[in-house]
Amino acid sequence: METKKAVVLSGVRPTGDLHLGNYFGAILNYVKMQNDYDCYFMVADLHSLTTHPDTSGLKNHIQRVIATFLAAGIDPEKATLYCQSHLRTTGELYLYLNMLAYKGELEKTATFKEKARQQPDNVNAGLLTYPVLMAADILIHKAHFVPVGKDQEQHIEMARNFAKRFNHRYGEVFPEPEAFNYSHDLLKIPSLDGSGKMSKSVNENATIYLSDNDDTIRKKIMKAKTDAGPQQPNSPMPDYVENIFHLMELVSENSTVSQFRQSYNDCSIRYGDMKKQLAEDMIRFISPIRKKMEDILADEVLLKKVMEHGAAKANEHADQTLAEVRKAMRLNYFI
Ligand code: ADP
Ligand code: TRP
């Protein structure tokens with residue numbers, strides 16, 4: 001008998017084009033995991049409504065995320081790709097989980113506090129219960145592993161807590177999901193200006209998108225913050241220089257990185273040369289993905305087919321979980 005593979009679920013919000021942080025924090029893991037696990041990857045359009053209520057560009061953004069998934073190497077025959085709002089069962093599970101989530105813990109969530117600060121005029125209940133919807137996304141597939149970047153770690157811990165509370169109250173239904181990255185530590189790809197992480201819709205000039213053309217990549221990298229260089233051998237490295245090395249480690253040869261580290265330590269480093277090298281290596285890495293993405297985006301029929309196929313598979317799987325949930329909760333009175 002074939003042993004059942006562990007289940008993986010993850011999602012990306014369609015709030016803009018995907019960037020290097022999304023790629024290394026999440027998508028690269030998706031591509032590797034699709035061979036070993038039963039994978040579900042979705043576009044979290046409902047989550048994006050908590051911060052981006054204007055839906056006029058949503059269809060296009062969803063298509064761009066799916067096209068990026070495919071261009072990065074996700075195979076829709078191996079992994080199930082779908083759009084969050086195509087699964088109605090998630091909404092029902094979200095409702096049940098809301099009764100197990102406490103106002104106090106939701107208010108303490110770091111992302112809630114940050115978003116409430118960013119949009120004081122729109123601190124909606126969806127923002128408060130964002131981690132509950134995320135838990136519903138994960139638990140509706142009974143996922144074991146959730147590949148995400150460091151910024152999502154707290155949300156996964158909350159999903160574990162909601163799963164435990166459900167199991168404790170109604171009986172064992174859910175596995176306790178765990179955040180996952182192949183490199184063991186969850187990643188946080190820094191922005192080019194040294195302030196925080198690369199992010200889809202904040203500070204576009206300090207974020208490298210997978211859709212950026214060669215010139216844009218060059219310009220952004222050449223503008224990254226540096227200084228006059230170290231004055232003493234083996235000086236401690238300022239954060240913004242460490243960030244440039246960090247990006248270089250992602251896309252350049254090991255020997256290139258060590259050569260620049262060496263020149264930093266002996267104070268001979270020229271940041272201009274380092275950034276030029278990084279820009280060329282970045283372009284070599286990004287341009288094939290961008291070109292594939294453009295081809296896929298031109299094929300609306302393919303995109304539609306992938307999403308329909310994914311929605312059917314995801315719904316079938318989620319329906320089974322919801323039936324178990326209702327049974328465990330004794331909500332199936334007349335059947
Ligand atoms: P963003 O924060 O740019 O809007 P999302 O919130 O949709 O992106 O995140 C999608 C995935 O990419 C999540 O798993 C998230 O943890 C990961 N991610 C986003 N930004 C980064 C980053 N700078 N470094 C590492 N992972 C990231
Ligand atoms: N909140 C995640 C983010 O901003 C996106 C997301 C929604 C997600 N549902 C999920 C990620 C379920 C993992 C699992 O990045």
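Structure notes:
- Condition broken by Leu192, with the remaining ones in (1) in a loop (DSSP other than H, G, I, E, B); (2) more than 16 Å from ligand 2 (Cβ to nearest atom); (3) at pLDDT 95 or above satisfied: (3)
- Any hit, the stretch 267-290, residues being among the aliphatic types (A, V, I, L, M) and over 29 Å from the mean Cα position of the chain (by Cα): yes
- Residue selected from the stretch 2-26 under the condition open to solvent by less than 30 Å² (accessible area, probe 1.4 Å), more than 6 Å from ligand 1 (Cβ to nearest atom) and among the β-branched types (Val, Ile, Thr), by the criterion nearest to Ser287 (Cα to Cα): Val8
- Qualifying residues in the stretch 44-65 (those that are touching a residue at least 60 places away in the same chain (Cβ under 8 Å), away from ligand 2 (no atom under 14 Å from the Cβ) and of a type outside the set (S, T, N, Q)) - the one surrounded by the fewest Cβ atoms within 10 Å (Cβ to Cβ): Pro53
- Among the residues making up the stretch 187-220, a single one is assigned by TED's automatic domain parsing to the domain that holds Met248, among the hydroxyl-bearing types (Ser, Thr, Tyr) and free of Cβ contacts under 8 Å to residues at least 12 places away in the same chain: Thr216.
- Test: residue in the stretch 122-133 that is open to solvent by 30 Å² or more (accessible area, probe 1.4 Å) and within 11 Å of ligand 1 (Cβ to nearest atom): no
- Only residues that are in a loop (DSSP other than H, G, I, E, B), within 15 Å of Phe69 (Cα to Cα) and open to solvent by less than 60 Å² (accessible area, probe 1.4 Å) were counted in the stretch 267-317, giving 0.
- Hey, Leu278 in contact (Cβ under 8 Å) with a residue 40 or more places away in the chain and among the hydrophobic types (A, V, I, L, M, F, W, C) or not: yes
The values are calculated or read from the model by the stated rules, or taken from the named source; none is laboratory data. The structure displayed is predicted, hence computed values, not measured ones. With ideal geometry, Cβ positions are generated from the backbone for all residues, glycine too; neighbour counts draw on all protein chains shown. Side chains are part of the model used for accessible areas, which takes the heavy atoms of the whole protein and leaves out ligands, DNA and RNA. Shrake-Rupley method; radii C 1.70, N 1.55, O 1.52, S 1.80 Å.
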